[in-house]
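What follows is one structure encoded as structure tokens, with my remarks underneath.
Quick note: the coordinates plus some simple rules give every number you see, no bench work behind them. No experiment lies behind these values; they were computed from the predicted model shown. Because the Cβ atoms are built from the backbone with ideal geometry, glycine has one as well, and the counts that use them run over all protein chains shown.
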Amino acid sequence: MVAINLIDYPRWPSLARESILNVPADIRNVRVNIDGRVIDYSGEVDSVVITGMGGSGVVGDIASDLCWFWDCKVPIIVSKNMRLPRRLSKPLVIAISYSGNTAETIMSANEALSRGYPIIGVTTGGKLSTVLSNKGVPVVLVPKASAPRYGLPSLLYPTLIILERFGIASVANELESGISGMERALKAIDEAERLAGELLNAIPIIWVSESRRGVGIRFKNDLNENAKYFAIVSIIPEGAHNDIAAVTTKQVGLRHIAIMGPNDYEGRYLETLLDVVSSFVAKPLVVKLEGSTPLESEMYGVTFLGITTLVLAHLLNVEPISTLPIDRLKEELDKRKLFPV
Ligand code: F6R
């Protein structure tokens, strides 16, 4: 097979390491005065809202996965909207936008400020950085990549450090293992080629457990954006109560693929579901997430599956980086002045 262009993936370990250097050491000492109201970053928080879209928003899904394994002290609320969830009590808001120009995320950030919540931006720059920095709000500026989704470690690693600084999760001991997961996946190109070959001419149905939701969503998004390929994710146990009913139709062109982590709480459940699926249609493909820590297996998964989608793009002769319809939608939203940002 011809060499696959791995775009920024070979840089992922160094992106992860570089990006955490930019989290301000004194973030808990910040006090911001917004129109006479003081937002104090040293206070206790009782939830963390991670807001962002697409390749930035998936950081929230990944953090939420990790909290199924880690002893996270407060719930992580993943918000992919232009509004924040209502009736939050004492949240910390992390607004993530690779470009810093995503209207939904800027609107959510503004809402956090107007509601007096401590907020931290994670971005390469753009309007988000300007809006927040002008008000004295901390912004973690992260290294650039060829497109938002290829900068995942630059967005995820600072977020994990922020969780650590706020006493929500103890992550420091696991960061290197996450990098080992990325490195391991970078060596599994032959396997990625085999998997991509299996997905050709099919609609992938990705089965994943709640505690690996982030890996499943990221895989689907990478199939969509890198290979311009349609796919769906079914998250169990819920998907076992509806999506599974459709396997009896023997529709042509569906390819079932399950993602399983080494210590997933729902592992036996997923195995049972796969046996049932196999009794109706072809046996699902299984991707086993390798790693000795939750972060390692998670990072192995997103890296390995991301590379698989680059191989698929190559097999389909599709240019992986550009995502013209997303750009066009952003332009149209701008033109129609849907968002006051
Ligand atoms: C493109 C990509 C998209 C963007 C999304 C939000 O590579 O991954 O899903 O991430 O359109 O844009 P940002 O990340 O700049 O806020």
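Between R194 and V30, full extension at 0.36 nm per residue minus the direct alpha carbon distance yields a gain of 54.1 nm. In this rough spin-label picture, where each label sits 7 Å from Cα along the Cβ direction, the S14-E183 distance is 1.5 nm. Of the trypsin sites (Lys or Arg not before Pro) found in the range 206-305, those that fall in a DSSP loop while having at most 14 other beta-carbon atoms within 10 Å are K250.
With kT/(6 pi eta Rh) evaluated at 37 °C and eta = 0.692 mPa s, and Rh the Kirkwood radius from Cα pairs, the chain diffuses with a coefficient of 159 µm²/s according to Stokes-Einstein.
Translational diffusion coefficient of the range 110-170 at 20 °C, 1.002 mPa s, Stokes-Einstein with Kirkwood Rh over Cα pairs, in µm²/s as a whole number. If you can, show how the numbers build up before the last one.
Details: Rh = 12.5 Å.
Rounded, D is 171 µm²/s.
Here the alpha carbons of the range 9-170 define both size measures, Rg and Dmax, at 14.2, 47 Å. Specify the residue with the greatest mean-square fluctuation among L141, L316, L132, computed from a Gaussian network of the chain linking alpha-carbon atoms under 10 Å apart. Highest fluctuation among the options: L316.
Among the listed pairs K187/K220; K228/K330; K127/K337; K80/K337; K90/K335; K73/K220, give every one whose C-alpha distance is greater than 24 Å.
Working: K187/K220 22 Å; K228/K330 18 Å; K127/K337 16 Å; K80/K337 20 Å; K90/K335 36 Å; K73/K220 29 Å.
The answer is K90/K335; K73/K220.
Separation of the range 11-63 and the range 223-290 by C-alpha centroid, Å? Their Cα centres are 33 Å away from one another.
Our note on the geometry: Cα centres of the range 117-164 and the range 301-326, 24 Å apart.
Could you state the per residue volume, in Å³, of the convex hull enclosing the Cα atoms of the range 9-96? Intermediate values should be presented prior to the final figure.
On the way: hull volume 12.1 nm³, N = 88.
Roughly 137 Å³ of hull volume per residue.
Distance between the modelled labels on N5 and R336, one decimal in nanometres: 3.3 nm (7 Å Cα→Cβ projection).
Is it possible to state the helix-based mean residue ellipticity at 222 nm for the chain, with each DSSP H run of 4+ residues giving -39500 (n - 2.57), the sum divided by total residues, to the nearest 500 deg cm²/dmol? What is it?
Rounded to the nearest 500, the figure is -13500 deg cm²/dmol.
Classify the range 177-315 as rounded, prolate or oblate from the Cα gyration tensor: take a ≥ b ≥ c as the square roots of its eigenvalues, call it rounded if a/c is under 1.5, otherwise prolate when a/b beats b/c and oblate if not. It comes out oblate by the Cα gyration axes.
With each label modelled as a point 7 angstrom along the Cα→C-beta vector, the D71-N317 pair spans 5.7 nm. Net charge in the neighbourhood of A169 (other residues with Cβ under 10 Å of its Cβ; Lys, Arg +1, Asp, Glu -1) is -2. Report the calculated FRET efficiency for V281 and R37 (r = Cβ-Cβ distance, R0 = 51 Å), to the nearest 0.05. E between V281 and R37, to the nearest 0.05, is 0.30. Within the listed set G167, G301, G52, the residue fluctuating most in the Gaussian network model of the chain (springs between alpha-carbon atoms under 10 angstrom) is G167. Among F280, F304, F230, the largest mean-square fluctuation in a Gaussian network model of the chain, built with springs joining Cα atoms closer than 10 Å, belongs to F280. Extension gain for the segment A245 to K135, taken as residue separation times 0.36 nm less the Cα-Cα distance, is 34.4 nm to one decimal.
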